[in-house]
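Colleague: Structure below; questions to follow.
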Amino acid sequence: MKAKNIIYMMMAMGITFAPACKKALDLDQKGVYNTDNYFLNEADAVNAITGIYSLLEGEDYISHAETTFDVASDDYWRSGDHSEDEAIENLTYDASNAQVRYSWKWKYETVNRSTNCIINIPKITAISEAIKNRSMGEAYFMRAFGYWRLMVIYGDVPIITDEDYTNQNFNKPKSTIEEVRKQIEADLLKAVDLLPESYGAADRGRVSKGTALGLLTKLYMYWEKFPEAIAAGQQVVNNSNYALAANYADNFTRANESSKEILFAVQAVQNVIQNDYTIYYIPRPWGGYGFSQPLQGLADEFEANDPRKAATLLSVGDQVDLGDGKGLTTFTADLSSTGFSFKKYAVFNTEADGGGPDHSYAVPLMRSADIYLLVAEALIRTQGAGAGDALINQVRRRASTSLPLVVGAGMAQLIHERRVELAGEGERHQDLMRWDKANIVDIAAIYNRAVSKAPIDRNKTVTFVRPKHYYYPIPQEEIDKSKGVLIQNPNF
């Protein structure tokens, strides 16, 4: 996964390369690739898989567009100057919203590249069984991940089968959310069977069996299949290959690529591939865009002696080495409209001239702690208060031995723990929505409250409408391109 080669990305999709100056130079054409002549050996398989991973670095996919879907939550103010982000935060978006549109195609690009590999890698004879199995497992996981993000954001979406891909039949009607969940489950179960438990340093960053089990746990929780979630999640919890990092903050440092806790991450390479994920959270004067600023309500959620607050939030007066050779720089009130930024993503290159945001930092997309807390939740919801204490306490004890142990924890304690443990990691809005569907919280009351989204929005209220806002609309341009095959989600 370390190799970041745009050519490989294009190869993975069978895109043709042809020199524009052939006649002038009278050269033989080189580099014409398609699925008939590309998948010939082991290197081709590995490079095609790399082409799927590299999608995660796109600004209009995971790096920014996907994170915007969480700004409606009570943890952030959107900041920035994007009207499409403001509409998502205020729940006034419609099917023409740019952020609703941006990542749709990249999620389906993930699905299509993965399917291309699933169809063609088995045809390769010059490949070891281990690499073939691993590559197939990666492709199944990545396809599941693409559908997962489509399902979580839009609900009912089209499923592109292997046969559809072969026949280039991409204009499909929506499948039901139940059918999409079954597709994700089938792909993840195959990935679990094919992927290794762990990797050596040369392959660090690839998805593992634990990654597939983690996403399977999340799928079952959203599906409310709690026994299945417990069974899948405990295989992560009980495996030392996916142990919690010794220190919470270790997950958000330059050295975090070696953390066993990080099950899935966006990888990048300094001065080669920019990871826009970090850029959006860092204050503008420090080289970022200053989007998604934490709210006071999130800061207040942390217990007084919880070190996760200092590891998660930059507060006025905190000092940071920006790598500019000037020593420590103080975080001042003018750097954020809310008084906070996410320290998790304010990682700087202190080992190179000029410093600046660090693009060798692996941005966590899924951590074992998330899975610990999902299993704890499933236990509470099936067995009652106290059933998840041991797992919640493992997460709390890792944070600090000074945090009191929970005893008889119910959903209120679990909700608190997920909020502070996973702050800024894109879980809050979706957590609140699935809990609202189960009548555990009242998301309308949480979002409709006249909370201070930021000083400039002090009196703003929003209206969460059920079931309209449980899912985002299908992008209008996709509806238009389908010529009536795709039907818009209800209420949009």
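The values are calculated or read from the model by the stated rules, or taken from the named source; none is laboratory data. Bear in mind the structure is a predicted one, so any value in this text is a computation, not a measurement. Cβ: placed from backbone, ideal geometry, glycine included. Neighbour counts: every protein chain shown. Note: accessible area is taken over every heavy atom of the protein model, side chains too, but ligands, DNA and RNA are not part of it. Shrake-Rupley method; radii C 1.70, N 1.55, O 1.52, S 1.80 Å.
Colleague: Would you point out the residue of segment 394-437, among those that are within 25 Å of the chain's Cα centre (by Cα) and among the polar types (S, T, N, Q), that is surrounded by the fewest Cβ atoms within 10 Å (Cβ to Cβ)?
Modeller: Within segment 394-437, the match that is surrounded by the fewest Cβ atoms within 10 Å (Cβ to Cβ) is 430.
Colleague: Residues being touching a Phe, Trp or Tyr at 6+ places or on another chain (Cβ under 8 Å) and open to solvent by 20 Å² or more (accessible area, probe 1.4 Å): count how many of those fall in segment 186-204.
Modeller: If we filter segment 186-204 for residues that are touching a Phe, Trp or Tyr at 6+ places or on another chain (Cβ under 8 Å), which is where we start, we get 187-188, 190-191, 194-195.
Imposing the further condition that a residue be open to solvent by 20 Å² or more (accessible area, probe 1.4 Å) reduces the set to 190, 194.
Going through segment 186-204 one residue at a time, the tally reaches 2.
A quick yes/no check of all residues on (1) touching a Phe, Trp or Tyr at 6+ places or on another chain (Cβ under 6 Å); (2) in contact (Cβ under 8 Å) with a residue 60 or more places away in the chain; (3) of a type outside the set (A, V, I, L, M, F, W, C):
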site: 252; (1), (2), (3): no, yes, no
site: 256; (1), (2), (3): no, yes, yes
site: 262; (1), (2), (3): no, yes, no
site: 277; (1), (2), (3): no, yes, yes
site: 281; (1), (2), (3): yes, yes, yes
site: 288; (1), (2), (3): no, yes, yes
site: 296; (1), (2), (3): no, yes, yes
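Colleague: Follow-up question, since we're still on this one. Between residues in segment 185-209 that are under 14 Å from residue 133 (Cα atoms) and outside any loop (DSSP other than H, G, I, E, B) and residues that are open to solvent by 20 Å² or more (accessible area, probe 1.4 Å) and of a type in the set (Asp, Glu), which pairs lie under 6 Å by C-beta distance while being six or more apart or on different chains?
Modeller: Note: pairs meeting the criteria are 209/197.
Every residue, every condition in (1) modelled with pLDDT under 95; (2) loosely packed, with under 14 Cβ neighbours inside 10 Å; (3) in contact with a Cys (Cβ under 9 Å, 6 or more places away or on another chain), yes or no:
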{"position": "439", "(1), (2), (3)": "no, yes, no"}
{"position": "447", "(1), (2), (3)": "yes, no, no"}
{"position": "455", "(1), (2), (3)": "yes, yes, no"}
{"position": "484", "(1), (2), (3)": "yes, yes, no"}
{"position": "491", "(1), (2), (3)": "yes, yes, no"}
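Colleague: Got a sec? Which helices (runs of 4 or more DSSP H) wholly within segment 1-81 have at least 1 residues that are at pLDDT 90 or above and surrounded by fewer than 20 Cβ atoms within 10 Å (Cβ to Cβ)? Please lay out each step first, then the result.
Modeller: Working: elements: 6-12, 22-25, 42-53, 65-68.
Filter on segment 1-81 gives 42-53.
Colleague: Can you name the residue in segment 168-184 that is touching a Leu at 6+ places or on another chain (Cβ under 7 Å) and part of a loop (DSSP other than H, G, I, E, B) and, of all such residues, is farthest from residue 263 (Cα to Cα)?
Modeller: Per the stated criteria, the residue is 173.
Colleague: Residues of segment 165-178 being closer than 30 Å to residue 224 by Cα and surrounded by 14 or more Cβ atoms within 10 Å (Cβ to Cβ), which ones? Spell out the reasoning first.
Modeller: We begin by selecting, within segment 165-178, every residue closer than 30 Å to residue 224 by Cα; these are 172-178.
Listed by number, the residues that qualify are 172, 174, 175, 177.
Colleague: From the list 439, 393, exactly one residue is touching a Leu at 6+ places or on another chain (Cβ under 9 Å) and of a type outside the set (Val, Ile, Thr). Which is it? Steps first, please.
Modeller: Numbers: 439 fails: touching a Leu at 6+ places or on another chain (Cβ under 9 Å).
Sole residue among the options that is touching a Leu at 6+ places or on another chain (Cβ under 9 Å) and of a type outside the set (Val, Ile, Thr): 393.
Colleague: Can you tell which of 238, 251 is more than 18 Å from the chain's Cα centre (by Cα), surrounded by fewer than 23 Cβ atoms within 10 Å (Cβ to Cβ) and not acidic (Asp, Glu)?
Modeller: After ruling out the rest, the residue left standing is 238.
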